[in-house]
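Read the structure below first, then the notes.
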Amino acid sequence: MRQYLVLLGAIIQIIGIAYYIRQIFYGSIRPNKVTWLMRSIAPIIGSIAAFADGVRRAVLPVFMSGFWPLLVFIASFFSTKAYRKIEKFDYVCGGVSFLGLLWRWITKEPLIAIIFAIISDTCAAIPTIIKSRQHPQTESKSAYFTGLISVITSFFAMKTYGIAEIAFPIYIIILNTTIISILLRKKITQRWSNSKFRT
């Protein structure tokens, strides 16, 4: 039964991804290319490391959390309205993220790989977090919310609840919750400001 919850979570996330990519093509979402490229690499490496450490079904949501950024990155090249202005800070975050991935390959230790995958993904996510605060209209809650549901299902498939199993899912929960909270707060603030202006 538990494995089916993980599959259900993956299906829900695919729906969220499809909607997010649809919004990219319509121009309402403008993804940061550096963020989505680096965010696709880190979770995939983290899931491979967890798989190497014996994790099986529980690794699917983590893998999906890297697979959908890869699809977003690819989709951004087919949208003329995608976010194309890359700042120096984006390159710095991308560089730090890449160094984290490089260190993973040097150590060859699954646990170290997961730790640096988290560090790498955090650095890669910073430009999108900043963009969500400054330009919330260029982001959507759909993919983050369905991604949150998907990764929560991974806990139902865990066997030992060791650090290799829980580290990346917990991180993804924190990250997605943070971005969703930022977008919700901005939306509520804007609506309150508009209603106040009308009165």
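Descriptive notes on the structure:
- Pick from region 36-72, criterion open to solvent by 40 Å² or more (accessible area, probe 1.4 Å) and not aliphatic (A, V, I, L, M), ranking: modelled with the highest pLDDT: 67
- Failed item, numbered, when residue 84 is tested on (1) at pLDDT below 70; (2) farther than 17 Å from residue 127 by Cβ: (2)
- Subset tally (residues that are over 16 Å from residue 27 (Cβ atoms) and buried (at least 19 other Cβ atoms within 10 Å of the Cβ)) for region 127-144: 6
- Helices (runs of 4 or more DSSP H) wholly inside region 94-199 containing at least 3 residues that are modelled with pLDDT of 75 or more and in contact with an Asp or Glu (Cβ under 7 Å, 6 or more places away or on another chain): 110-134
- Enumeration of residues in region 135-166 that are in contact with a strand residue (DSSP E or B) (Cβ under 8 Å, 6 or more places away or on another chain) and closer than 17 Å to residue 68 by Cα: none
- Condition met for residue 168 (in contact with a helix residue (DSSP H, G or I) (Cβ under 9 Å, 6 or more places away or on another chain), open to solvent by less than 60 Å² (accessible area, probe 1.4 Å) and not small (Gly, Ala, Ser)): yes
The values are calculated or read from the model by the stated rules, or taken from the named source; none is laboratory data. None of the values given here were measured: they were computed from a predicted structure. Quick reminder, even Gly has a Cβ in these numbers, built from the backbone with ideal geometry, and neighbours come from all protein chains shown. Heavy atoms of the whole protein, side chains included, go into the accessibility calculation; ligands, DNA and RNA do not. Shrake-Rupley method; radii C 1.70, N 1.55, O 1.52, S 1.80 Å.
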